[in-house]
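Only one structure is covered here, and it is reproduced in the block below.
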Amino acid sequence: MSDYGSDTYLTLPLHVDHDFVVDKDGVSYIVTFLYAGGEEEEATEVKVDFEGVTDELCEFYGNINGYQHLYSIAHEFSRVAEKLRTAAGRVEDSTDAVGDLFNV
C-alpha cells in the first residue's frame with residue numbers, strides 16, 4: 001500500500017429496500033436491494049442467510065454482558081412471528097369465506 005494515499009468522499013443517491021425470502025429448500029434469507037442513483041435504477045442484491053445472522057447474534061451476545069440483549073431480540077422475533085401468523089390467518093379466513101360464499 002502506498003504512503004501517498006488520501007481520503008475522499010463520494011456522495012450519491014442510494015435507495016435501500018429489504019425483503020425476507022424462504023427458498024424451495026426452506027432456507028430463509030434477508031435480502032437487501034441497493035439502488036445506486038435512485039429507485040428507478042437496476043438493483044444490486046445482497047442475500048444473507050437468516051440462520052447465519054442469528055448464529056452470529058448468539059456468538060456476539062452470548063456472554064454475561066449480552067444475554068439480556070438476546071432475550072430482547074427473541075421477544076421481538078416472537079412478537080413479529082405472531083403478527084405474521086395473524087396476517088396470514090386473516091387472509092386464509094377471508095379466502096375460505098369467499099370460497100364458501102360461492103361454493104368453490
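Only the coordinates and a few stated rules stand behind these numbers; no lab work does. Computed from a predicted structure; not experimentally measured.
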query: Using alpha-carbon pairs under 8 Å, 6+ residues apart, how would you state the relative contact order of the chain in percent?
result: 14 percent
field: Gained length - Glu76 relative to Leu14, 0.36 nm times residue gap less alpha-carbon distance
entry: 19.5 nm
- line: Applied in sequence order to the range 7-19, the curve 6.51 cos²θ - 1.76 cosθ + 1.60 (Karplus, θ = phi - 60°) yields integer Hz couplings, x standing for Gly and Pro, of 8, 9, 10, 10, 10, 8, x, 9, 9, 10, 10, 10, 8
statement: Taking only C-alpha positions in the chain, Rg and Dmax in angstrom work out to 21.4, 77
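Give the relative contact order (percent, whole number) for the range 11-50; include only Cα pairs under 8 Å separated by 6+ residues.
39 percent
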